[in-house]
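Comments concern the structure below.
The values are calculated or read from the model by the stated rules, or taken from the named source; none is laboratory data. Computed from a predicted model, the values in this text were never measured in an experiment. Positions of Cβ are generated from backbone atoms using ideal geometry, with glycine treated the same way; all protein chains shown enter the neighbour counts. Protein only, heavy atoms only, side chains kept; ligands, DNA and RNA dropped before computing areas. Shrake-Rupley method; radii C 1.70, N 1.55, O 1.52, S 1.80 Å.
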Amino acid sequence: MNENKHVLSVLVENKSGVLSRVIGLISRRGFNIDSLSVGPTEDPSRSRITIIVDADTEAYEQIVKQLNKLVCVYKLQDLTNDAYIERELVLFKVNAPAERRSEVIEVANLFRASIVDVGASSLTIEATGSQSKLEGLEELLGAYGIKEITRTGKIAISRNSKEA
Amino acid sequence: MAKGEAKRQGKITGAQAVIASLEAEGVEVVFGYPGGQAIQMYDALYDSKQLRHVLARHEQGAVHEADGYARATGRVGVALVTSGPGATNTVTGIATAYMDSVPIVVVTGQVPRSVIGTDSFQESDIVGITMPVVKHSFLVKSAADIARTFKEAFHIASTGRPGPVLIDVPSDIAAQTVSFSYPETANIPSYRPTYKGNARQVKAAAKLVSQAAKPVLYVGGGVIASGASDLVCRLAREYRIPVVTTLMAKGAVPASEPLNYGPIGMHGSKYGNRALNRSDVIIAVGARFSDRVTGNPEKFAPHAAVIHIDIDPAEIGKVRAAQVPIVGDASTVLASLLDELDAKGVKPDTQAWIAQLDEWREEFPILEKGADAYPGLIVPEVALAALSGMLDPHGSIVVTEVGQNQMWAAQFIDREEPRTFLTSGGLGTMGYGLPAAIGAAIALPDKQVVLVAGDGSLQMNSQEMATAAVYGANVKVVVLDNRALGMVHQWQRLFYEGRYSATELADNPDFVKLAEAYSWQAERVDAPEQVEAAFTRMLAAEGPYLIDMRIDRDQSVFPMVPTGASLAEAIGAVGV
Ligand SMILES: Cc1ncc(C[n+]2csc(CCOP(=O)(O)OP(=O)(O)O)c2C)c(N)n1
């Protein structure tokens, strides 16, 4: 894993403008976001933003401190060095003419991915999992010709063992 | 709903709730400028017996006035403006307050919620536009939220590291009716500044201080914000630790204090910069190692261990790694550091260090030239040193514009108390000075408020001369009139072979006539022997007064540490 990669889980107020405050701060101070996802939490007044950034130690410390200063940020958890689970959902639209369709389906099955839409000459596959699994799937599907990819961005959560 | 109707129901309008909130915060003066989307708030203001409104002549002026009011008093300054262009005109004022951590609350009118996002007339996304330069901001979504929003805004602006807060009030919300009650306290779970320093770190700091041979207290604007001047002085005097001050901290330690080795940074004294650069322990209090102070940070104070005390955790380690980081309020932390040191009973032996600094102070005086350096010409350094001697040390406030005038004022006007030197340090905003001086004069009418200005900067907000005249703000303006954008001109002289691109102001207005047009008193001074008498007349006059002081265009501010150089590489008028 890239040692400059940091996985941040940011608990924020669920209010309009909060996402732009968080993202604006990160980009304004010159840091790059690799991946970002946002959604409500168990408490409807709060959202969780998962941010993956690429930054050296000093720059990273600044991001964390600056984010903590935002009045809309409740809590910031750095999952990078803890045990955590990271997932992303990807949709692939793949060329699959009738004669090769079963081959593509077989590849999808191998990766426990599911077929969510079928067209005359293409299939849409939904896959979720770790980065390496998704990269493996993408490589194999590439042989058939990928027409489109869309992804949710990564989300992460600490492992239960941490609570013990 | 009409006001009368609302009142019959025991309710008030959103606009009235805004004014009632300001009253509940104890606000006395609002600086502002009306317009369509603020008209209801202005209508409510018309009935207020507590709030005095000061009509600026430009919204930028209103915000700088609120800022000057806040810096001079330590209280939250308030500005009220309309939507669209009124709101966008506040941006420079807000950014100025943000960079210098000044507590202000800016209330903007906004178009009704039903048309937000439709490019309606005089709509601007002011919350979005100002996001990078506010401590926090609010778009009010219901009149029922007004009281809580104002409570939180004032709390956020004035606590922790202070800063500007913006409240955007759509006009349909100003029209809603609401039953009003103002909360006693603000409860913001996601906002809890740290005031008390970590005890272990305070112990570590005490140990480092007591063992230091060449310690320096590096004092920043945070000391003034925290009201920690007396504690800094106690630490310096009782433990014999020399002090240097940033531009923002001028006045935090009296100029008359022998342990004060004065201003540091790009145009600081050579002895002050050298003290910092050669120290073995730096006790940084409410200072942020700004590039204007450190020069090249790689070469800054190479032998010093750093104790960094700041209420903003993000400042610690941002530029310079701290051996002892202490997050907390300057006053609280210094009090516990003093307790720790007192308990220890060991004082650092700094006698040789202080003797050395005194030698440097003799060797490199900040006033390098005498009155006779330029026969027949007014030497700005000499003139300001004379002014310094004529000001009431405990009854005056000095404000500056930006450029050479600012640096000369910082170098040559002595200050004895905090909150008596107001200047745009972080943003360096030309046009800040005149409105800030007006804000200070309106807050503290019994003080002598003197603005040192440049002829370029003065023209950035000269319309505020009207504000000063109308409200009888007792401001005295000394224009160091070099018919140039002097500071940039100086850089061109030093670093661009005298290619004076766009820095010569040949066609200035007649500032005396301009001031007189606004019903000010004014005079021109162009010979050195006239200077002191003019200052005497100015200080004795009632009401606003301007001196157009003609100085030579080719005067430079020295010493000067060129951008990116180390503090040891200062250049001066005399070779060192
Ligand atoms: C709003 C703004 N625009 C431009 C600058 C860049 N700048 C810094 S100093 C300066 C010259 C200031 O000239 P003047 O007010 O006449 O003061 P002097 O340096 O001559 O004392 C300029 C243009 C600035 N600081 N602020």
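Answer yes or no as to whether A:Y60 is outside the structural domain of A:R21 (by TED's automatic domain parsing) and touching a strand residue (DSSP E or B) at 6+ places or on another chain (Cβ under 7 Å). Here the answer is no, as A:Y60 does not meet what is asked. Filtering segment B:33-47 to residues that are part of a loop (DSSP other than H, G, I, E, B) and over 15 Å from B:V78 (Cα atoms) leaves B:G35, B:Y46, B:D47. Take the conditions (1) surrounded by 14 or more Cβ atoms within 10 Å (Cβ to Cβ); (2) in contact (Cβ under 8 Å) with a residue 12 or more places away in the chain; B:A506 misses just one of them, which is (1). Looking at segment A:1-117, the helices (runs of 4 or more DSSP H) lying wholly inside it that each contain 1 or more residues that are away from every other protein chain (no Cβ under 14 Å) sit at A:101-110.
Annotation for segment B:464-487: no member residue is assigned to a helix (DSSP H, G or I), within 15 Å of the chain's Cα centre (by Cα) and within 10 Å of the ligand (Cβ to nearest atom).
Here is a yes/no grid of residues against (1) of a type in the set (V, I, T); (2) in contact (Cβ under 8 Å) with a residue 40 or more places away in the chain:
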{"site": "B:D455", "(1), (2)": "no, yes"}
{"site": "B:L458", "(1), (2)": "no, yes"}
{"site": "B:M465", "(1), (2)": "no, yes"}
{"site": "B:A469", "(1), (2)": "no, yes"}
{"site": "B:N474", "(1), (2)": "no, yes"}
{"site": "B:L480", "(1), (2)": "no, yes"}
{"site": "B:V488", "(1), (2)": "yes, yes"}
{"site": "B:W491", "(1), (2)": "no, no"}
{"site": "B:F495", "(1), (2)": "no, yes"}
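Which of the residues belonging to segment A:118-158 are in a loop (DSSP other than H, G, I, E, B) and out of contact with any strand residue (DSSP E or B) (no Cβ under 6 Å at 6 or more places or on another chain)? Result: A:G119, A:A120, A:S121, A:S130, A:A143. Looking only at segment B:475-490, residues that are touching a Leu at 6+ places or on another chain (Cβ under 7 Å) and among the charged types (D, E, K, R) come to 2 in all. Among the residues making up segment B:124-165, those that are part of a loop (DSSP other than H, G, I, E, B), free of Cβ contacts under 8 Å to residues at least 60 places away in the same chain and open to solvent by 50 Å² or more (accessible area, probe 1.4 Å) are B:D125, B:K141. Can you find a residue that is over 22 Å from B:T246 (Cβ atoms) and in the same structural domain as B:V531 (by TED's automatic domain parsing) anywhere in segment B:394-404? Yes; the residues of segment B:394-404 include at least one that is over 22 Å from B:T246 (Cβ atoms) and in the same structural domain as B:V531 (by TED's automatic domain parsing). When each of B:V402, B:V327 is tested for being within 16 Å of the ligand (Cβ to nearest atom), in contact (Cβ under 8 Å) with a residue 24 or more places away in the chain and open to solvent by 20 Å² or more (accessible area, probe 1.4 Å), the lone residue that passes is B:V402.
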